[in-house]
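Below is one structure; the comments refer to it alone.
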Amino acid sequence: MGKSELKIRGMRVEDIDSVYEIETKSFKSPWNKESFYNEVAHNLFATYLVAENEQRVIGYCGIWLIVDEAQITNIAILPEYRGNGYGEILLRKAMKEAKKRGAKQLSLEVRVSNYPAQSLYRKLGFQPGGIRKQYYTDNLEDALVMWVMLNGV
């Protein structure tokens, strides 16, 4: 599976089952299918992208945009596809999409223990911006808030 086979496109309602599979395999406190449906079908501030490899949805990324600030709601790649650079490709596309839609900066939260994700975010220019204490409900782990300016994207 080469990176050239990866296709990034807007998420559709028919992608929800695949996205939910990724969500449940990736997070201890996953969103439910209804939440994804509401994001795709009704949230005017939301943009969701999916990553496809050989016509299989293997990753997704959600972005909320309020005025000129964007936030990554969630981003994940199926575990068996991690380590191939797909997350970086997806996040770079999400950053470009946010900028195209008028965002000047982009933020996200990441578990303080998730060093692989933090490493990727730093590689793409994200900087630490603060801590959200006991942010994650499953174990009350803190979240590191990271920001990036999108002027160079």
Worksheet entry | Contacts under 7 angstrom Cβ, first residue in the range 118-146 being among the basic types (Lys, Arg), partner surrounded by 12 or more Cβ atoms within 10 Å (Cβ to Cβ) and modelled with pLDDT of 95 or more, 6 or more apart | 132/109; 132/142; 132/143; 132/145; 133/142
Item to complete: Count, please, the residues in the range 109-153 that happen to be over 24 Å from residue 28 (Cβ atoms), in a strand (DSSP E or B) and touching a Lys or Arg at 6+ places or on another chain (Cβ under 9 Å).
Response: 1
Worksheet, complete the sentence: Within the range 34-51, the count of residues that are in contact with a Leu (Cβ under 9 Å, 6 or more places away or on another chain), of a type outside the set (S, T, N, Q) and surrounded by 19 or more Cβ atoms within 10 Å (Cβ to Cβ) comes to 3
Discussion item. Looking only at residues that are closer than 21 Å to residue 56 by Cβ and not in a helix (DSSP H, G or I) in the range 83-108, which one is nearest to the chain's Cα centre (by Cα)?
Written reply: 85
Worksheet item: Only one residue in 40, 19 is more than 17 Å from residue 101 (Cβ to Cβ) and at pLDDT 95 or above. Which one?
Response: 19
Item to complete: Please specify each residue of the range 54-86 satisfying the condition of being crowded, with 22+ Cβ neighbours inside 10 Å and not hydrophobic (A, V, I, L, M, F, W, C).
Response: 59, 60, 62
Item to complete: Filter the range 19-59 for residues that are of a type outside the set (S, T, N, Q) and in contact with a Ser or Thr (Cβ under 8 Å, 6 or more places away or on another chain) and give the result.
Response: 30, 39, 46, 50, 56, 57
Worksheet, complete the sentence: Exception for residue 40 within (1) within 13 Å of the chain's Cα centre (by Cα); (2) aliphatic (A, V, I, L, M); (3) outside any strand (DSSP E or B) falls at (1)
Worksheet item: So residue 132 fits all but one of (1) in contact with an Asp or Glu (Cβ under 7 Å, 6 or more places away or on another chain); (2) open to solvent by less than 60 Å² (accessible area, probe 1.4 Å); (3) among the charged types (D, E, K, R); what number is the exception?
Response: (2)
Worksheet entry | the range 18-33: number of residues that are open to solvent by less than 40 Å² (accessible area, probe 1.4 Å) and under 18 Å from residue 113 (Cα atoms) | 1
Worksheet item: List the pairs whose first member sits in the range 1-24 and is more than 21 Å from residue 38 (Cα to Cα) and part of a loop (DSSP other than H, G, I, E, B), whose second member is open to solvent by 30 Å² or more (accessible area, probe 1.4 Å) and modelled with pLDDT under 95, and whose Cβ atoms are under 8 Å apart, counting only residues at least 6 apart or on separate chains?
Response: 1/54; 1/84
Worksheet item: All but one of (1) closer than 20 Å to residue 6 by Cα; (2) more than 15 Å from the chain's Cα centre (by Cα) hold for residue 68; which doesn't?
Response: (1)
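The values are calculated or read from the model by the stated rules, or taken from the named source; none is laboratory data. Because the structure is a prediction, the values reported are computed rather than measured. Glycine gets a Cβ as well: all are built from the backbone with ideal geometry, and neighbour counts include every protein chain shown. Each accessible area value is taken on the protein alone, full model and side chains, heavy atoms only, with ligands, DNA and RNA left out. Shrake-Rupley method; radii C 1.70, N 1.55, O 1.52, S 1.80 Å.
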